[in-house]
Every structure is written in structure tokens, then in C-alpha cells.
Amino acid sequence: VLFTSIEPGKVQNCKFYSVIDQRFPEKRLVGRNRQLFDLFTLLKSSQKIVKLYGPTGIGKTALARQLANYLYVRNHFRYKIALIELTRVNSVSTLLSKIFNEIELTRDMNTFCEAVRTKEVLYILEDCDLFIDNNRVEFSESLNKLIKSTKNVKFLLLLENNIDLGLQEASQELKGLHPIDAAKLLLLNTPLEKISPMKYRSIEELKNTKLFKEHYLQITTSTLWWISQNLTQGQSFEKIQSQLLEKFMASNKEDQSINLIESTIR
């Protein structure tokens, strides 16, 4: 017994900066510890622009959110960590407005740079590919001005392709999960009673199937979600595996996640 006279009631953590709180709520990641550490190392180095790239549905946003939490609870980038999604951002001026709005009392490049000149700030820019394709030169010039006018403002760009911005940025590729991690993630997100035959309720059995053993680099988190949904709806793992192997043979690598999501919706 640690506390003999503790009062009854719910435990409440009253510390303002709590490791229990997640600044960017995200489920526990599986099999990404190495990638998390590598990103952490890059962002804590002198590097100011880091690109995390990989196919749609591979888990870039989940990893970036977990990294943001990891940094924050360790007192890094405590002044500001912001995630900006670029799908609906059409121009660099709109993006800059979003960047400036994250910092109080800033309205333009000059007031922003003055406000955060020595502050640790991290911006995570999500879904950058199309935006960069349409605004590459202006985007690179603006980013270059921001990092040169401030000491500790950094950017993490989430991309499908490793686009060269000409800013000496660092790159890290995110690939599929290893067989054992893919199997763990599937079992964590699927009710065991919905998995048939019963033998596939075992990590050892799943990781040694042809799907996980030979095609793990092609399996994204979206693919695992698709498998889970079909298992929950009563399909057998063998049938799902057969469907996926056919898709992997018929589709090119970039289209697989999109095809699987579309077929699930239909």
C-alpha cells in the first residue's frame, strides 16, 4: 500500500504542462519508434526544413502528430507547434496569413519575424504536393525568407513525393510497416471475435501470411483499416488476402491506398 489515507474520488492532474495531455490527440503508434527518433534528431539539429514523404495512407500525419506531442512534453518548441493542412490553401499569401495567425499580434512578415526572432516554433505543413506544384517558386522564396529572418523557426513538410525546394532541406521517407508491426496494428484495431479463421487472431500467424510477409512495404495504415473493416463485416481473412494480392498485382504502388479506400466506400 503506497497511500494509506488517500481520499476517495477521481484523480485529477492539475499541472499546466502535463505529459498526460496530448497537444495533438493521436492513437498510439505501432512500429514507428525509429522513424520518430530520426525525425526528432533532424528537427533538433541545425536543419530548419525537414520533409517526411511517403504514399497516401502510410501514416505521415499520425507520425507528425505523435512527434509534436513527443517534442512538447520534452520542452521543445514550447512557444508554438502548429499543424496547417494545405489542401484548401490556394496561394502563398493565404498560407503566410495562416502562419502569422498562429502567433499573437503578428500580421505580416516583419512583425512575425520580430515576434519569434529567438523563439522555438515548429510548423507542420500537411498535404504539400499540389500546393508546391502550383506555387513552387514563391513558396520556396517565402520559406527561405522565414528561416533566414528567424533563429529557431522550423518546418516539417508532409509530402507524397520527395520534392526538391532548393533550400538544402533534409528528407526522410516513411515506408510500410514490418510484418510483425502490421499484424499488431491490425489486431489492435479489430475485435478478435470478428477475425476468422481463428488462427489469424495470432500475431505469429498473421505476420507469416503471404500478404504480410511478401507485401509489407505496400501495406499502408489505410490498407490495414480496409482489412479491419472487411473482417468486421464478416469476410474471412483468406478472402481479403486474395483480394488484396490481386489489387497489388493490378495496381501501381501510388494508387493502391486510394483504390482500397474508394472500394471500401463503394
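The values are calculated or read from the model by the stated rules, or taken from the named source; none is laboratory data. All values derive from a computational prediction rather than experimental measurement. Positions of Cβ are backbone-derived with ideal geometry, glycine not excepted, and every protein chain shown enters the neighbour counts. Ligands, DNA and RNA are stripped out before the accessible areas are found, and what is left, the full protein with its side chains, is counted by its heavy atoms. Shrake-Rupley method; radii C 1.70, N 1.55, O 1.52, S 1.80 Å.
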> Tell me, what HN-Hα J-couplings in whole Hz come from the Karplus equation 6.51 cos²θ - 1.76 cosθ + 1.60 at θ = phi - 60° for each residue of region 170-176, using x for Gly and Pro?
Replying inline: 8, 10, 9, 8, 10, 9, x
> When you count, for each residue, the other Cβ atoms within 10 Å and take the mean per peptide, how do 180-186, 168-174, 118-124 rank with the highest first?
Replying inline: 180-186, 118-124, 168-174
>> Given Cβ point charges of +1 (Lys, Arg) and -1 (Asp, Glu) and nothing else, what value in debye, to the nearest 20, does the dipole of the chain about its Cα centre take?
In response: 760
> Taking Lys44 as the anchor, which aspartates and glutamates have their alpha carbon closer than 19 Å to its alpha carbon, excluding any fewer than eight residues away along the same chain?
Replying inline: Glu120, Glu169, Glu173
> Taking the Cα centre of each part, how many Å lie between region 175-230 and region 95-151?
Replying inline: 40
> Which of Pro179, Pro197, Pro55 moves the most in a Gaussian network model of the chain with Cα springs under 10 Å?
Replying inline: Pro197
>> Compute for region 142-183: radius of gyration divided by Kirkwood radius, i.e. Rg/Rh, restricted to C-alpha atoms, rounded to two decimals.
In response: 1.16
> Residues with amide H under 5 Å of Val153's amide H, sequence separation 5 or more or different chain, H placed in the peptide plane at 1.01 Å from N; which?
Replying inline: Val121
>> Here is the link list: Lys60/Lys145; Lys175/Lys199; Lys184/Lys213; Lys60/Lys148. Which ones come out longer than 19 Å on Cα distance?
In response: Lys60/Lys145; Lys175/Lys199; Lys60/Lys148
> For Ser171, which sequence-distant residues (separation of 5 or more, or a different chain) have an amide H within less than 5 Å of its own amide H, given hydrogens modelled in the peptide plane?
Replying inline: Lys51
>> With unit charges on the beta carbons (Lys and Arg positive, Asp and Glu negative) and the dipole taken about the Cα centre of region 39-98, which residue among Thr87, Ser46, Gln66 sits farthest to the positive side?
In response: Ser46
>> Let me test this: with uniform point scatterers at the alpha carbons of the chain, what is the Debye-based log₁₀ I(q)/I(0) at q = 0.12, 0.13 1/Å?
In response: -0.83, -0.93
> Suppose every K and R has +1 on its Cβ and every D and E has -1 on its Cβ; what is the size of the dipole of region 74-175 about the Cα centre, in Debye to the nearest 20?
Replying inline: 580
> Considering only protein heavy atoms, what is the solvent-accessible area of Thr87 at a probe of 1.4 Å, reported in Å² to the nearest 10?
Replying inline: 90
> Can you pull the percent of the chain's accessible area that's carbon plus sulfur, 1.4 Å probe, other chains left in place?
Replying inline: 49
> What residues of region 49-80 lie in the reach of a label at Asp38, counting those whose backbone N is under 18 Å from a point 7 Å from the Cα along Cα→Cβ?
Replying inline: 49-68
> Which aspartates and glutamates, on any chain, are close to Lys194 with Cα under 14 Å apart, when same-chain ones fewer than 8 places away are left out?
Replying inline: Glu238
